[in-house]
Amino acid sequence: MNLSEKLKAYMGKNENRDGVNSYDKEKANFKSGDFSQAQKNELICRILNTAPVKTPLGEHLMAVSSYEDTFCHAGMRLSNIFEIPPEIVGLIAKDSDYNNFNFTKAVFIDTETTGLAGGSGTYAFLIGAGYFEEKKFKLLQYFMRDYNEEPAVLHSLKDLLKEFESVVSFNGKAYDIPLLSTRFLINRMENPMEKPFHLDLLSSARRLYKERMASVSLSSLEANLFSLEREGDIPSFEIPSIYFRFLRDKNPYPLKPIFYHNRMDILSLVTLVIKMAGALKDPLCSDSCSDQDFYCLGRIFEDMEIFEESIKCYLKALEVPGVSEKAYLRLSLLYKRLGRWDEAQELWLKMAEDNIHTAFALVELAKVYEHRKKDYTKAEQATRRALELAYRKKGLLGFAPEQEIRELKKRLERILSKQGKAPSQLNFFNKV
């Protein structure tokens, strides 16, 4: 039986759409003697849709995928990334320096490794790198069939990275980039991972979606933002053991879902950037925003000192259960910061009335009445009510918040003094 006939018999008639058969069924076909080493290498290339790449440091395999500018992933065109204004990239990164970020000079990176904890003993056996080439998206996957091919993989990756000035990743700052940097160091190669810009979308996703989603893993973001469920994927925690098994038996079939997983991760990085950009570009009119996101957007805009947009988002968040109380607090403080005292006072009155951070609101009202309005009667009323709450807290907790009580009593003494009243008129508060 020639190789072609062996392959035909091996692949069978019942493989799924990714050509993945069960490991147990196929293991027997990879026993020593069934195929020569050359035949095994050819089979690996055919099954994984890869080709050998020769470098000065040896050989490795590489898979190449190319996506036209009309290609959609998770319902979004990849080329829409070029419609993102530069300042929006700065908001995604929460760093105005990223206003100079250029997606034509950016590479999207994701690794599949021999361990999830990292460390010097962890290898990146599959490295995916995607980039735009005249609005088409090209995705390269560098694969090492064994540990001795690592120098060749790193050599090819280094050649690619020298063409780019930016990196986009998901948790890359904490994991992928330090891991790759370590591998370059161990192999005594110059580290090409240090780029002027590194857009880590995990940090961006946490800032934007942490109030709405219990998890901001990439799979959770895909499900919640794009209603995307991958078919033929594999859980990340299974990937190392599958590769170790491949090192023993050279069966390439179980690796196919890993290549698929890696491609989907990189494509989702592109669409995630587009999705977040839509939320930040026009939050009130974008279908990229939902409920609790408005509070998170308010925080982002406030931190970047885009105050009017922040106020709009906080006002929207006042209506959202779960974040409304935090939105009242942040918005009132922002009004105070901007010197918009009437709007701040209105919020504090509402908070005091509806028991939203009541003690805080009463103290802020007392400050306004005493120092700005010179209405000492209202200042006294607000302070006395705040003191009453502090003593109630003592009754509930079994101990007094001494510092809070001392500060409130000191404030009340000063207000009484300004009204010409004796300190003895602190009444029962003097007893504690």
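The values are calculated or read from the model by the stated rules, or taken from the named source; none is laboratory data. Remember, predicted model here, so these are calculated numbers, not experimental data. Cβ atoms come from the backbone with ideal geometry, glycine included; neighbour counts cover every protein chain shown. Surface accessibility is based on the protein's heavy atoms, side chains included, excluding ligands, DNA and RNA. Shrake-Rupley method; radii C 1.70, N 1.55, O 1.52, S 1.80 Å.
Assorted remarks:
- Top-ranked residue of segment 281-299 - restricted to ones that are open to solvent by 10 Å² or more (accessible area, probe 1.4 Å) and of a type in the set (A, V, I, L, M, F, W, C), ranked as farthest from residue 81 (Cα to Cα): 294
- A single entry from 21, 41, 14 fulfils the requirement of being assigned to a helix (DSSP H, G or I) and at pLDDT below 95: 41.
- Residue 164 being of a type in the set (Phe, Trp, Tyr), outside any helix (DSSP H, G or I) and farther than 20 Å from residue 276 by Cβ: yes
- Among residues of segment 337-366 that are without any contact (Cβ under 8 Å) to a residue 24 or more places away in the chain, those with a beta-carbon under 6 Å from a residue that is open to solvent by 70 Å² or more (accessible area, probe 1.4 Å) at least six positions away or on a different chain give the pairs 351/357.
- Taking segment 49-93 as the range and being open to solvent by less than 10 Å² (accessible area, probe 1.4 Å) and within 25 Å of residue 251 (Cβ to Cβ) as the test, the residues that pass are 60, 61, 63.
- Residue in segment 419-432 that is modelled with the highest pLDDT, counting only those that are open to solvent by 80 Å² or more (accessible area, probe 1.4 Å) and of a type outside the set (A, V, I, L, M, F, W, C): 423
- All positions within segment 101-118 that are over 19 Å from the mean Cα position of the chain (by Cα) and without any contact (Cβ under 8 Å) to a residue 40 or more places away in the chain: 104
- From 358, 271, residue being hydroxyl-bearing (Ser, Thr, Tyr), open to solvent by less than 30 Å² (accessible area, probe 1.4 Å) and in contact with a strand residue (DSSP E or B) (Cβ under 9 Å, 6 or more places away or on another chain): 271
- Scan of segment 150-177 for residues that are of a type in the set (Lys, Arg) and under 15 Å from the mean Cα position of the chain (by Cα), ordered by number: 173
- Check on residue 241, under 17 Å from the mean Cα position of the chain (by Cα), open to solvent by 30 Å² or more (accessible area, probe 1.4 Å) and not aliphatic (A, V, I, L, M): no
- Residue within segment 336-350 that is among the aromatic types (Phe, Trp, Tyr) and over 27 Å from residue 409 (Cα atoms) present: no
- Residue satisfying condition, being out of contact with any helix residue (DSSP H, G or I) (no Cβ under 7 Å at 6 or more places or on another chain) and either modelled with pLDDT of 65 or more or of a type in the set (Lys, Arg) (or both), within set 416, 397, 389: 397
- Residue among 372, 392 that is closer than 19 Å to residue 417 by Cβ and either open to solvent by 60 Å² or more (accessible area, probe 1.4 Å) or in contact with a Leu (Cβ under 8 Å, 6 or more places away or on another chain) (or both): 372
- So residue 196, is it under 20 Å from the mean Cα position of the chain (by Cα), over 28 Å from residue 91 (Cβ atoms) and not hydroxyl-bearing (Ser, Thr, Tyr): no
- Qualifying residue in segment 301-309 (condition: within 23 Å of the chain's Cα centre (by Cα), of a type in the set (A, V, I, L, M) and open to solvent by 20 Å² or more (accessible area, probe 1.4 Å)): yes
- Filtered by the rule that a residue be touching a strand residue (DSSP E or B) at 6+ places or on another chain (Cβ under 8 Å) and more than 17 Å from residue 218 (Cβ to Cβ), segment 164-178 gives 164, 165, 166.
- Meets criteria (on the phi > 0 side of the Ramachandran plot and either modelled with pLDDT under 95 or open to solvent by 50 Å² or more (accessible area, probe 1.4 Å) (or both)) for residue 227: yes
- Looking across 63, 93, 74, one residue alone is over 30 Å from residue 151 (Cβ atoms) and at pLDDT 95 or above. It is 93.
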